[in-house]
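Colleague: Input: one structure, supplied below.
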Amino acid sequence: MTRIFDDPTGFADAAIDGLVAAHRNRLERVDGGVVRASEMKDEQVAVVIGGGSGHYPAFAGLVGPGLAAGSACGNLFASPSAGQIHRVAKLAANGGGVLLSYGNYAGDVLHFGQAQERLIAEGIETRTVVVTDDIASAPQDRLGERRGIAGDLTVFKVAGAASEEGAGLDEVVRLAEKANHRTRSLGVAFDGCTLPGAAAPLFHVPSDTMSLGLGIHGEPGISDHELPTSAELAQLLVTRLLQDRPDEAGTRVVPIVNGLGTVKYEELFVLFGHVDRLLADAGYEVVEPECGELVTSLDMSGASLTLFWVDDELERLWTAPADTPAFRRGSVDAGARREFGAAAAAADEHETATAASARLGTTAADLLETARDVVVQHEGELGDLDAIAGDGDHGIGMRRGVEAAAAAARSAAGERSACDVLAAAGDAWSEKAGGTSGALWGAGIAAVGRVLGNKEEHDGADAAAAAAAFRDAVVDLGKTEIGDKTMVDALHPYADAVSAGIAAGRSVAEVLAEAAGVATEAARATADLRPKKGRARPLAEKSLGHPDPGAYSFALIATGVAEALSAADGTAN
């Protein structure tokens, strides 16, 4: 259990602030994360990594010469926002382009992808290598669907060392992809982790049992097994990983035994001793191994094994010098401290709002406050539902997002158009929530604002257009379809119901109430589906019988908004 904190919602930022204070010669605190404090070579590729907080040493602890140039740091177990990633990457960039690298999680893919688009639009050449090392999350013939766990380290280290040697962006990408292809990981949990301020872990593993195939965001494993001896555990992990080795793998391998937070070094050394003997018996030469805490999950009780098959060039890069807060190897001349100028603030220019659009902007702010109240009321329920087959952070993530959106909308309302009010709200939701839901809700709200625009008058057709715009933005960004067990399963029928109701000539308040009922039924029906997207996908069987958290939270908000409009007697029409 996490005990040292003030406000649980500020835990991640406070931890990063303290990390930088403790490593002030290595790190520079920036808006959105950290960058290396030491100078980089001109035209050097900037390797920018990142992910949710709660995984130290990953990700901020791996920033420095020979490794990453910067790390975008999201909230606990939530991906950093596109804005955070963009700001960190711009400050880390030094003329040689940017490589973004991170674990394969839906929220990270969405936010890093949006950041990459922004960077490219600004003339900064940017590429991406997604880490996919976890063999429990997808079969070998679907490597691209695997999530990234402790194998992040091998990819980041190879890319960072190549950058430090002066390789160009294409070569850094090639080597990072090669390292990812040659990395396999598998982990076990003995009990779940506890978020700061929470009274109980995200999940429990029964006594004398271990959960195989865990995730690093508090996700439980895919199957439970009787607790083995250390030798039996090593045999299980080594055997499964060797069965999944890449076709071109040779006989040189880097084993990484990783503690997830509570299993400490002596236990890890016991496990590593067995792993080392098993690899030798199988004919492998062990190269520069690692044993310790490298990618954690707060206080999760568990461990993972990573095998990284190397050849000459990968071994050279893996063993090359590095100097970061958490990973040091060899001798590094860090050089002078880099100067970071304050970023110029963009001009805050907005079109003068029409009277009708200003009124609608105020209504939008009112409805976002209604949505906030709904999420706060159901935060615990949403977290519990998400913990069944995910990481349990949907409630807190939705709360962070909607609170930020409601505050931004209220600040903008009154003088600015509905378009500007909702643009501010969407940016705030994405920025503060992170994760998949943050990206999707942020994009959806901004899309509604663009459709409503700054018109002289509004009618029921705008409500239908807004629902369709929200749906299209979520579908386009999330690449999801009906039946994937996501928010889209409730959103699609909701938008269709709004369109049909408006076409039939009914009032907006009446139509939204009917559509909310449709969304609620559709959300309940997701209990019969197996997830095909997101963190719940590897735990599809556990998800059966429970509605999707994203669909359920959307239906709750839709219901709250409809009730608020009905109470106002249709004045939003």
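The values are calculated or read from the model by the stated rules, or taken from the named source; none is laboratory data. Here the structure is a predicted model, which means the values were calculated and not measured. Reconstructed Cβ throughout: ideal geometry from the backbone, glycine too, with neighbour counts over all protein chains shown.
Colleague: Keeping to segment 122-146, report how many residues are out of contact with any strand residue (DSSP E or B) (no Cβ under 6 Å at 6 or more places or on another chain), among the polar types (S, T, N, Q) and modelled with pLDDT of 95 or more.
Modeller: Adding up the residues that qualify gives 1.
Colleague: Go through segment 246-288 and give me each residue that's part of a loop (DSSP other than H, G, I, E, B) and crowded, with 16+ Cβ neighbours inside 10 Å. Even if it seems obvious, please write down each step before you answer.
Modeller: Let us first name the residues in segment 246-288 that are part of a loop (DSSP other than H, G, I, E, B), namely 246-251, 260, 262-264, 282-284, 287-288.
Within segment 246-288, ALA249, LEU260, THR262, VAL263, TYR284, VAL287 meet the criteria.
Colleague: I would also like to ask the following. Given the conditions (1) part of a loop (DSSP other than H, G, I, E, B); (2) in the same structural domain as VAL155 (by TED's automatic domain parsing), report the number of the one that THR239 does not fulfil.
Modeller: Exception for THR239: condition (1).
Colleague: Where the second residue is outside any helix (DSSP H, G or I) and acidic (Asp, Glu) and the first is in contact (Cβ under 8 Å) with a residue 12 or more places away in the chain and surrounded by 14 or more Cβ atoms within 10 Å (Cβ to Cβ) and lies in segment 305-316, which pairs have Cβ atoms under 7 Å and are six or more apart or on separate chains?
Modeller: Cβ pairs passing all conditions: THR306/ASP133.
Colleague: A further question follows. Among the residues of segment 101-113, which ones are more than 11 Å from the chain's Cα centre (by Cα) and surrounded by fewer than 24 Cβ atoms within 10 Å (Cβ to Cβ)?
Modeller: Taking segment 101-113 first, the residues more than 11 Å from the chain's Cα centre (by Cα) are 101, 113.
Correct list: GLY113 only.
Colleague: Next question. So which of THR436, THR486 ends up being touching a Lys or Arg at 6+ places or on another chain (Cβ under 8 Å), in contact (Cβ under 8 Å) with a residue 24 or more places away in the chain and of a type outside the set (Asp, Glu)?
Modeller: Testing whether each residue is touching a Lys or Arg at 6+ places or on another chain (Cβ under 8 Å), in contact (Cβ under 8 Å) with a residue 24 or more places away in the chain and of a type outside the set (Asp, Glu) leaves just THR486.
Colleague: Sort out which residues of segment 64-95 are over 16 Å from VAL109 (Cβ atoms) and among the polar types (S, T, N, Q), and write them in order of number.
Modeller: SER71, ASN75, ASN94
Colleague: Among what's in segment 405-434 and is crowded, with 23+ Cβ neighbours inside 10 Å, of a type outside the set (Ser, Thr, Tyr) and under 18 Å from SER79 (Cβ atoms), pick the residue that is nearest to the chain's Cα centre (by Cα).
Modeller: GLY434
Colleague: For a quick check of your reading: which strands (runs of 3 or more DSSP E) sit entirely within segment 123-236 and have at least 3 residues that are among the charged types (D, E, K, R)?
Modeller: none
Colleague: Now for a separate question. Can you list the strands (runs of 3 or more DSSP E) lying wholly within segment 1-70 that have 3 or more residues being in contact with a Ser or Thr (Cβ under 9 Å, 6 or more places away or on another chain) and modelled with pLDDT of 95 or more?
Modeller: By residue number, 33-36, 46-53.
Colleague: If you check every pair at least six apart or on different chains, which have Cβ atoms under 7 Å apart with a residue in segment 93-117 that is under 21 Å from LYS479 (Cα atoms) first and a residue that is at pLDDT 95 or above and assigned to a loop (DSSP other than H, G, I, E, B) second?
Modeller: Partner pairs satisfying both residue conditions: ASN104/THR132.
So that you can scan it fast, the table gives a plain yes or no per residue for (1) assigned by TED's automatic domain parsing to the domain that holds THR194; (2) farther than 25 Å from SER507 by Cα; (3) without any contact (Cβ under 8 Å) to a residue 40 or more places away in the chain:
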{"position": "ASP386", "(1), (2), (3)": "no, yes, no"}
{"position": "GLY397", "(1), (2), (3)": "no, yes, no"}
{"position": "GLU403", "(1), (2), (3)": "no, yes, yes"}
{"position": "ALA424", "(1), (2), (3)": "no, yes, yes"}
{"position": "TRP429", "(1), (2), (3)": "no, yes, yes"}
{"position": "GLY444", "(1), (2), (3)": "no, no, yes"}
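Colleague: Considering only helices (runs of 4 or more DSSP H) fully contained in segment 459-559, which possess at least 1 residues that are modelled with pLDDT of 95 or more, assigned by TED's automatic domain parsing to the domain that holds ARG399 and among the small types (Gly, Ala, Ser)?
Modeller: 460-478, 488-503, 508-525
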